[in-house]
1. If B:T195 satisfies every condition in (1) surrounded by fewer than 21 Cβ atoms within 10 Å (Cβ to Cβ); (2) more than 16 Å from B:S255 (Cβ to Cβ); (3) in contact with a strand residue (DSSP E or B) (Cβ under 7 Å, 6 or more places away or on another chain) but one, which is the exception?
2. Can you work out which of the residues in the stretch A:144-173 that are in contact with an Asp or Glu (Cβ under 7 Å, 6 or more places away or on another chain) and open to solvent by 20 Å² or more (accessible area, probe 1.4 Å) is farthest from B:A50 (Cα to Cα)?
3. Taking the stretch B:198-215 as the search range and keeping residues that are of a type in the set (D, E) and open to solvent by 20 Å² or more (accessible area, probe 1.4 Å), which one is farthest from the other protein chains (Cβ to nearest Cβ)?
4. Kindly indicate which of A:V182, A:V241 is within 14 Å of chain B (Cβ to nearest Cβ) and open to solvent by less than 50 Å² (accessible area, probe 1.4 Å).
5. Is it fair to say A:A250 is in contact with a strand residue (DSSP E or B) (Cβ under 7 Å, 6 or more places away or on another chain), farther than 26 Å from B:K214 by Cβ and either surrounded by 24 or more Cβ atoms within 10 Å (Cβ to Cβ) or at pLDDT 95 or above (or both)?
6. Which condition from (1) out of contact with any Pro (no Cβ under 6 Å at 6 or more places or on another chain); (2) at pLDDT 95 or above is the one that B:Q123 breaks?
7. Tell me which residues, restricted to the stretch B:87-145, are open to solvent by less than 10 Å² (accessible area, probe 1.4 Å) and aromatic (F, W, Y).
8. Suppose we keep only residues that are without any contact (Cβ under 8 Å) to a residue 60 or more places away in the chain and among the aliphatic types (A, V, I, L, M) within the stretch A:297-311. Which one would you say is nearest to the other protein chains (Cβ to nearest Cβ)?
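The values are calculated or read from the model by the stated rules, or taken from the named source; none is laboratory data. These numbers come from a predicted model, not from an experiment. Here the Cβ positions follow ideal geometry from the backbone for every residue, glycine too, while neighbour counts run over all protein chains shown. What goes into the accessible areas is simple: the full protein's heavy atoms, side chains included, and nothing from ligands, DNA or RNA. Shrake-Rupley method; radii C 1.70, N 1.55, O 1.52, S 1.80 Å.
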Amino acid sequence: MTLPLSGPPPGLRRTGLLRSLPQYGALAAVLLANWLLFPDFFSIRLQDGRLFGSLIDVLNRGAPVALLAIGMTMVIATRGIDLSVGAVMAIAGAVAATMTQAGWGLPAVLAASLGAGLLCGLWNGLLVALLRIQPIIATLILMVAGRGVAQLITEGQIVTFVSPGLAAIGSGSFLTVPMPVVITAALLAVTALLVRATALGLMIEAVGVNRLSSAGAGVNTPVVLVAVYVWCGLCAAVAGVIVTADIRGADVNNAGLWLELDAILAVVIGGTSLLGGRFGLLLSVVGAAIIQAMNTGILLSGFKPEFNLIVKAAVLLAVLLLQSPVLTLLLPRPKGARPVSAPLKPAIQPAKRESGSVKP
Amino acid sequence: MSRNWLTSATTTAATAMTALLIGLGSAQAADGKLVVGFSQIGSESGWRAAETKTAKAEAQKRGIDLKISDAQQKQENQIKAVRSFVAQGVDAIFIAPVVATGWDAVLKEAKEAKIPVVLLDRQIDTKDQSLYMTAVTSDTVHEGRVAGEWLAKQTGGKCAVVELQGTVGSSPAINRKKGFDEVVAKTPGMTIIRTQSGDFTRAKGKEVMESFIKAEDGGKRICAVYAHNDDMAVGAIQAIKEAGLKPGKDILVVSIDGVPDIFKAMAEGEANATVELTPNMAGPAYDALVAFKKDGKAPPKWIKTESALFTPDTAKAEYERRKDAY
């Protein structure tokens, strides 16, 4: 599954796998540490027809950030960033809970809340693509305003609902696998197909490497940009619905709060550069899994809560150090392999070279 | 220099204008009614909205004219509101302070105008205790104690407790833990086997409880969960159910706040007790004020609201009574 998603041309595949070693290594190390702290970490049993165990918790609780990371990867690959995803989660959750409470059926509720996410994404996309506002500022607007919008929808209350259908999206299961995990896997597969089976992925990377020259080369940059923000909004809305369904209520003051930062972190841990260009979808999801494995591990360990943030920061520092181009150059590298500093170089060299010829 | 002067002149003019406008707009105490200005923080939670609603209802009951100013979580708005209340010459000012510091200057203005100030729900840091007449707040340490004592009595003093703490470093989390710990310390059979922060939210409460259950042999070693607020308890109840256990029976659930949803859970037998943080902070404040105006007797500096414990027997009626206030 790694190979088609990590996407470099065939000649580079071996290094592509090598490149993702730090991520898989870090995930394995965190899981191993969890197992040492808590020997039952890998034990899984069935509970009411649903897989039950700490490892399942990691996947299940990691699903919202993984979903955000999928959308965020696309945006970051275009050299953008989307700070509004947490607020979009709150909006989608507020819409879902309020409409369910008002008696709407599940299809209408889902259509409306996912629609809200698409609209938010469209708003961000238009600001970035057409008005050319810097992404960090453009999406900051919705980050601030979005939670207010969600509060307006719920009138500042925690809106609870009784709806077995909606609740199943958060805590139901499909073939014993928790629903959030199934949904995340499905969305990952669809996204991967969209960007890797078509030229879209290449265009996204091209825009990220150099917007002007990719426009010159015939890429419709505004459409690509709007598309990635819309997709990111959709992913955030799905995450918002899952979180709301899980607690059977929309807690807009807290839903998705600061999760935009976790999502960006997941993407960065996954090795996608904030400078745009080459991206790895699956690796971003692995990044989200690393973050959640760490969170779950801290909860299982019995450390005092005052240590949570420090432990988290220390582990993250270790993971990012593993990826540091300076430090990896110091390590002995396997024979025949290219230096692991490859991630720093944009994947699409040709696009960069073209920029010279396109300039008027 | 001149720029500063200009700014301050503008501000003064603006303040005066606001005061004038509000002053014109109010038929100030024409019928001998007490007029109270209330600077409320905003509406960040269901509890806060209930506090405002109750303040209005209690004022109406006593025939008091209540003017509410919503500060939208900003201290500067609260200071402005207090100044305009002073300019209007209200009979008393109630403040639910958004932060603890920075009140001395504006409270001095109120004191010079001889307007008594009552703090609601939160205390402030000040060296000069004479700046306010009294503070009406709950005793959060006592809340933890009440929850602990109920649990000790219920389980005959033998109970392995998991604790869901509030936001790390917040004063209700520190105090609610302290009060509960006091009871644990004097009850030999009672221990806290795990404690973690659930950030006062449902989602985190659920996630942390899930890991507690796994860490304690599928929840078999857990006798009760003590949550620093009801929302985390509601999340924990879901986690217990999803682990195939019965909340309220296999694992007892005790929490603090008394929001409607926990009464619903108690009515359904899924929670066992809650200690109420009453949203009626204004009621005792009005009573103190009326007594003060009548015979000039100053109330004590701290009026503690009652931390009443509620159990499932009354849950259904309490839920009906509360669901509209929140």
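1. (2)
2. A:T160
3. Ranking the qualifying residues of the stretch B:198-215, first place goes to B:D199.
4. A:V241
5. Yes, satisfied.
6. Evaluating B:Q123 over (1) out of contact with any Pro (no Cβ under 6 Å at 6 or more places or on another chain); (2) at pLDDT 95 or above leaves (2) as the failure.
7. If the condition is that a residue be open to solvent by less than 10 Å² (accessible area, probe 1.4 Å) and aromatic (F, W, Y), then B:F94, B:W103 are the ones that fit.
8. My answer is A:L299.
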